[in-house]
Each structure stands twice: as C-alpha cells, then as structure tokens.
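For reference, the structure is listed below as structure tokens.
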Amino acid sequence: MLALESILKTRLQALPALTAWVVRGGTDLVDRRPLPAAEIACEGAAVTGSQASGAKVEPSWTVTLVVRRSDEAAGQLDTAFAAVIGSLHNFTPAQVSGHYWSALALKRVEAPQFGDEGVAGIAMTFSTGAAYLASRA
C-alpha cells in the first residue's frame, strides 16, 4: 500500500504546472521547509471487505499544496490544484507490489489554510483500492 507513494510522487513530478515545486512524499527524509511544495501522504485506509480469503483495502492519499503567501499565491495554488486533480483523478496505478489498484477518485477537498508563518495551502484526498489475499500457509 505504501509503495503507491513513489508512483504518485513520480506522476506529480512530471506535471509542467509543478516544475518549480518540490514534490515530496510523507516517507521522504528531506527538509520540509522549501516552498512551493506538494506533499503526498497516506492518511490511512478503509477496509471495505474482509473474509477468510482476504480483505479489500482502500487507502486515502492526501496531496497538500503549500506556497508562501503573496499576491500570486491564489493563482499558484489554483493552477497546481487543477493539475493535480487532472493527473490523479481516474489514474489507475495498475499493479504495485503485487496488488492491482483501482483508479484513484477524488474524495475530499479541505478548506484552504492560511498560516501565521506566511504560508497558504490546500489539501485534496484521493482513494484507491486493492485486494489483499490471505496466505494459505
């Protein structure tokens, strides 16, 4: 499930709208201060089916866009927001780590945040799903 992070990160790094952005995953060991940034993180997973043969796991992946507050901040966020949705909504990761993932679907957009430290951001959450089969050992 967590191997999806690198797939999503690579996909976002290829977007022309994010060329000047730092795209980083939640598991990356990096300085998180450089902006503008797109941060990808797994926010947990629902288990939508569980039986003796296996379980259907549906992780939620949040992409948080953060920029420095300025006269251009709203435009920067809007452009990146549209590009991320266009790239990830309905994107099918296919097989990752031995699991076939369903197409990502946009599930939620958070209210924009405006921090006292001079940053502005917005987060959107996508979900996907795959079956995890039980071992017969």
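Values in this text are rule-based calculations from the coordinates and carry no lab data. None of these values were measured; they are calculated from a predicted model. We place every Cβ from the backbone using ideal geometry, glycine too, and count neighbours over all the protein chains shown.
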With at most 13 neighbouring Cβ atoms within 10 Å, loop GluC sites (Glu not before Pro) (DSSP) excluded, longest segment of the chain:
1-71
Top positive-direction residue, dipole computed over the chain with Cβ charges, set 102, 124, 7:
102
Calculated Rg and Dmax of the chain using C-alpha coordinates, Å
16.3, 61
Pairing the Cα long axis of helix 73-88 with the longest principal axis of the chain, what angle in degrees results, from 0 to 90 and rounded to the nearest 10?
20
Relative to the Cα centre, what is the charge dipole magnitude of the chain, using +1 at the beta carbon of each Lys and Arg, -1 at the beta carbon of each Asp and Glu, and rounding to the nearest 20 debye?
460
How tilted is helix 4-13 with respect to the longest principal axis of the chain? Cα atoms for both, answer in degrees (0 to 90, nearest 10).
30
May I ask which residue of 113, 57, 81 lies farthest towards the positive end of the charge dipole of the chain, with charges of +1 (Lys, Arg) and -1 (Asp, Glu) on Cβ and the Cα centre as origin?
57
